[in-house]
Amino acid sequence: MCVIISRGTDQHWEMARELIREGQSIVVRLVNEGDPNATIFAYRGAISKLMSTVGRWLVIDYPRNLQKISLRQHSRLPIYLNCRLQSLGKQADTFSAILKDLSLNGSGIVTEEIPHTLRQQPFKLELTIEGQKAFAIKTRICNQRLEHGSSSRMHYGLSFDASEREKQQFIEAALLEIMQRENKLPS
């Protein structure tokens, strides 16, 4: 009959407070943020009732139809490689990180929190491969979230800002390093 959503108290809910009223048309999107291959389910509805007697609730019309969209343009390969992320702005800060997943156009890393002032700058993602020069690619931070099971480490989604050839070379270097480690082949 309806969908009931708990109304939050964070800054995003507070900014939208004036728009949250009965009859307001909205778009509801459902996504599992922790899944790198997540799918977004969405529908258009309206707020049919605001309830605040026992908690703060939005009662929304039940969906007549759902849209399903893949979150990723390309699927991501879960991996685990040490890497470094260096800001390319005025202040060249470097962060040690773990490369957690890899796709044709980006990757995910886990590292300490990067200051907000640096997040808008371009970065260089660098893989150090034993016996070879480091492979690097220019990236930008697309999104961030707290890493599951950690109170101090952040997961950053990165988008490669490079030519197709540079992307291919970086991905090949990462995959070769993984294969060498798993098969214990000499470099």
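The values are calculated or read from the model by the stated rules, or taken from the named source; none is laboratory data. Model, not experiment: these values are computed from the prediction. We place every Cβ from the backbone using ideal geometry, glycine too, and count neighbours over all the protein chains shown. Keep in mind that these areas ignore ligands, DNA and RNA; they rest on the heavy atoms of the full protein, side chains included. Shrake-Rupley method; radii C 1.70, N 1.55, O 1.52, S 1.80 Å.
Distances between placed amide hydrogens fall under 5 Å for THR39 paired with ASN32, LEU71, all partners being 5 or more residues away or on another chain. Rounded to the nearest percent, how much of the accessible area of the chain (1.4 Å probe, protein heavy atoms only) is carbon and sulfur? Solvent-exposed carbon and sulfur of the chain make up 51 percent of the total.
What is the chain's relative contact order, in percent, from Cα pairs under 8 angstrom and six or more apart in sequence?
After rounding, I find 14 percent.
Determine the sum of side-chain charges near ILE79: Lys and Arg each +1, Asp and Glu each -1, restricted to other residues whose C-beta is under 11 angstrom from that of ILE79. Once positives and negatives cancel, what remains is 0. Classify region 69-187 from the C-alpha gyration tensor, please: rounded if a/c falls under 1.5, else prolate or oblate depending on whether a/b exceeds b/c. Rounded shape, in that the Cα axes give a/c under 1.5. Take a quick pass over the chain and tell me how many lysine pairs come in under 17 angstrom between Cα atoms, counting only ones 8 or more apart or on separate chains. Taking the Cα cut-off of 17 Å, the pair count is 9.
Computed from backbone phi with θ = phi - 60° and the Karplus coefficients 6.51, -1.76 and 1.60, the 3J(HN,Hα) list for region 164-174 is 4, 5, 5, 4, 4, 5, 5, 5, 4, 4, 5 Hz; x is used for glycine and proline. When +1 charges are put on Lys and Arg Cβ atoms and -1 charges on Asp and Glu Cβ atoms, the dipole computed for the chain relative to its Cα centre reaches about 400 debye.
Surface analysis of the chain yields an accessible area of 66 Å² per residue, using protein heavy atoms and a 1.4 Å probe. Can you list residues whose amide H is under 5 Å from LEU158's amide H, if they're 5+ apart or on another chain and H is modeled 1.01 Å from N? Those lying under 5 Å, H to H, from LEU158 are SER107, GLY108, ILE109, CYS142. In plain terms, the chain is cut at each of the trypsin sites (Lys or Arg not before Pro) found in a DSSP loop with at most 15 other Cβ atoms within 10 Å, and the longest leftover piece is 134-183.
Rounded to the nearest whole Hz, the Karplus-based 3J(HN,Hα) values (6.51 cos²θ - 1.76 cosθ + 1.60, θ = phi - 60°) of region 11-27 follow the sequence 5, 5, 5, 5, 5, 9, 3, 6, 8, 8, 8, 4, x, 5, 6, 9, 10, with x at glycine and proline.
Close amide H contacts of GLU113 (hydrogens built in the peptide plane, cut-off under 5 Å, sequence separation of 5 or more or a different chain): MET154. The residue list ASN143, VAL28, THR9 was ranked by how far each Cα lies along the charge dipole of the chain toward its positive end, using unit charges on Cβ atoms, and VAL28 comes out on top.
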